[in-house]
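What follows is a short report on a single structure.
The values are calculated or read from the model by the stated rules, or taken from the named source; none is laboratory data. Here the structure is a predicted model, which means the values were calculated and not measured. Glycine gets a Cβ as well: all are built from the backbone with ideal geometry, and neighbour counts include every protein chain shown. Ligands, DNA and RNA are excluded from the accessible area calculation, which covers all protein heavy atoms including side chains. Shrake-Rupley method; radii C 1.70, N 1.55, O 1.52, S 1.80 Å.
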Amino acid sequence: MVYDASDPTAAPRARQRDHVSDAWMLAEAETARRRTPEPGAVRVLLLPHRSEAVDRSPAVVWFAPGRPAMTEALNGHVHEAQVEAAIVLGLARWGHAASPPPAPGWYARRHAMGLALHDPTGLPFAGGLIEVPVGWTTTALVSGVIAAYGVPAGSLPPTGDGRRIAQLMSAARRLGLIAAGRVPLRW
């Protein structure tokens, strides 16, 4: 069963992190990452943004693994290992809150073929190929980025269907399958 952040009986257990479980989850996530190092293993999705000058909402990028690494933790709950690793490293489980909190040390970086999400050690946590529009980059530089990593709750559309992508992200957030934080965009 996936942890539901809205379940008040489960919340106290979630706050009491088990460091042995955390270390094990980080190892599971690293194993999963090494199994799928090829480009395209993680889909990078940019959610639509408003281009009005008065709008200061951040740009949103979602790193969605092509093959989730589902694993059972010591407490019996089933999780996606890399989502849990992102949480251990400082991202927040993004549930019902309108915006996730800042994630110190994390940042997004553009590269010639797309975007990468870097963890507090400076290593790329996830990245993928995508054409990044100038408007998205401008919004990200001015207002920051909500960087999310997580498993979609359904099949992702091929490209460009921002409304469908936003619906899938909302569903995944309700299920506790998204880790996210407000991060800067670095060049």
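Quick notes
- A viscosity of 1.002 mPa s and a temperature of 20 °C, combined with the Kirkwood radius over C-alpha pairs in the Stokes-Einstein formula, give segment 118-174 a diffusion coefficient of 160 µm²/s.
- FRET efficiency estimate (nearest 0.05) - Cβ-Cβ, residue 57 to residue 78, R0 25 angstrom: 0.15
- Point-to-point label distance, residue 70-residue 164, nm (Cα→Cβ direction, 7 Å offset): 2.2 nm
- Stretchable slack from residue 171 to residue 153, in nm (0.36 nm times residue separation minus alpha-carbon distance): 5.9 nm
- The gain in end-to-end length when the residue 96 to residue 131 segment is fully stretched comes to 9.7 nm, 0.36 nm per residue minus the alpha carbon separation.
- 1.4 Å probe accessible area per residue over segment 94-143, in Å²: 49 Å²
- Taking the 1.4 Å solvent-accessible surface of segment 48-187 as the whole, the part contributed by carbon and sulfur is 58%.
- Gained length - residue 111 relative to residue 138, 0.36 nm times residue gap less alpha-carbon distance: 8.2 nm
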